[in-house]
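Shown next, in structure tokens, is the structure this report addresses.
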Amino acid sequence: MPNGRGRFAQFAFILTLAVFISELGSAQSSYQPSPENLQARREFQDMKFGMFIHWGVYSVLGDGEWVFHNRKLKVDEYNRLPMFFDPEKFDAHAWVSLAKSAGMKYITITSRHHDGFAMFDSKISDWNIVQRTPYKKDPLKMLADECHRQGIKLFFYYSQLDWHNPDYYPRGVTSWDNGRPDHGDWDAYLDHYMDGQLTELLTNYGPVGGIWFDGMWDKPNADWHLDKTYALIHKLQPAALIIPNHHQTPRPGEDVQTFERDLPGQNTAGFNTNYVSSQLPLESSDTLNENWGFNIGDSKYKSAAELERRLVRAAGNNSNLLMNIGPYPNGEIDPQFVSRLHEIGEWMSKYGDSIYNTRGGPIPPGDWGVTTQKENKIYVHVLNWSAPMLALAPVTRKITAAHTLPENSPVEFTQNPDGLILKLPPAKENETDRVIVLTTSM
Ligand code: H79
């Protein structure tokens, strides 16, 4: 039995060892974003509004992007699908122009979804659009070129989950017997197939905004070689942002925290995390109707006003909004999507000042609305408040003036240490958002 000093020495030794081990751990995983990467993060936050596009050979069946899984098809059956994918109406100029006209600043498109089908010219396997479809062309190349012409940033969605490649083995929680062999080379899947395709995407398409990963949740306990893949991406394009949709606390090497069908921290979807990073840019993704990929039976389109309010709530929560459309298999975009996006664009041309380049405001978001801020302006977005007076939490900065946006008419206000009271102008008919701009002395 050790005496008191002996026990203390033992304790001190264990403590030192613990500190050493934990520092070793953090040193191994310490990721220092490059200056280009940090700049890209700020630009990402400034953009605020992006277009998500789910488009693949699954679009042919008009039953969403999970059709392979939902119908429990065999690989041999699904292999027939690319033969019918011939998007003769695909027009990169029209797609990018549509995003632009909606006030969107970036596009995130499925380079491959869970069916593993590469929608780009890949030399890693022939399971791709150029080799398996009558179309034979690379739409992502056309889209990338058009995005560069029109000044829109392009991000590639990339599914880590693969329902087609035999080397995606052992299989994950979404697996079914689709005729793949009961063996496979997991390391080859990651090192050769996935990292190979990521290298293609980050080499052949000019500057890419980033990679939007999805599907890691299919094998939460697997070793995904994340450090290796993340290092590869940052080496190929230091400014490319890594945006993982794994629903977990962000890991070293990741540049944006994204939330599927939820505002940051609001886990209504059930699979998101409540943890919200205070360091990373935030993003919230959602669908314009109820599906990601084209679904012929889905006519539940959200109204333009509803979409605008979602964008405002995202901005007030210091987040971007990534709004999805699922184009038709022939390359056309549903006119119902188009009309709503044009409506949002018109609204953004009047109210965009209160959204672009802002960060979440100093007053906590509430049912009544949210605030955003930039430089010496605080934007109060009144989304759900019918009374003429609105009392808000105190703001430390001195407010020198208050005006409506876009009319610029003065608004009466009282500021004291207990809070801020605004005398609101009456709501207009069919109003999305009543914006009051507060000018502060700093
Ligand atoms: O690409 C779109 C969808 O196809 C994909 N992500 C968006 C952007 C998506 N995949 N799954 N989900 C959305 C939600 C489904 C989650 C579940 Fe699960 C998969 C429920 C059960 C299996 C993940 C793993 C959550 C629980 C276990």
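The values are calculated or read from the model by the stated rules, or taken from the named source; none is laboratory data. Given the structure is predicted, the values throughout are model-derived calculations rather than measurements. We place every Cβ from the backbone using ideal geometry, glycine too, and count neighbours over all the protein chains shown. Only protein heavy atoms, including side chains, enter the accessible area calculation; ligands, DNA and RNA are left aside. Shrake-Rupley method; radii C 1.70, N 1.55, O 1.52, S 1.80 Å.
Numbers at a glance
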item: Boolean, residue 1 is open to solvent by 10 Å² or more (accessible area, probe 1.4 Å) and modelled with pLDDT under 95; result: yes
item: First in segment 44-62 and assigned by TED's automatic domain parsing to the domain that holds residue 348 and at positive phi, second anywhere and open to solvent by less than 10 Å² (accessible area, probe 1.4 Å) and outside any helix (DSSP H, G or I), Cβ under 6 Å, 6 or more apart; result: 48/320; 48/355
item: Residue count, segment 331-357 (criterion: touching a helix residue (DSSP H, G or I) at 6+ places or on another chain (Cβ under 9 Å), open to solvent by 10 Å² or more (accessible area, probe 1.4 Å), farther than 23 Å from residue 381 by Cβ and of a type outside the set (A, V, I, L, M, F, W, C)); result: 2
item: Criterion: under 20 Å from the mean Cα position of the chain (by Cα) and not hydroxyl-bearing (Ser, Thr, Tyr) - qualifying residue of 344, 333; result: 344
item: Condition met for residue 322 (touching a residue at least 40 places away in the same chain (Cβ under 8 Å), outside any loop (DSSP other than H, G, I, E, B), open to solvent by less than 60 Å² (accessible area, probe 1.4 Å) and touching a Phe, Trp or Tyr at 6+ places or on another chain (Cβ under 6 Å)); result: yes
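Here is a yes/no grid of residues against (1) closer than 30 Å to residue 104 by Cβ; (2) modelled with pLDDT of 95 or more; (3) touching a Pro at 6+ places or on another chain (Cβ under 8 Å):
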position: 134; (1), (2), (3): no, yes, no
position: 139; (1), (2), (3): yes, yes, yes
position: 143; (1), (2), (3): yes, yes, no
position: 158; (1), (2), (3): yes, yes, no
position: 161; (1), (2), (3): yes, yes, no
position: 178; (1), (2), (3): no, yes, no
position: 189; (1), (2), (3): no, yes, no
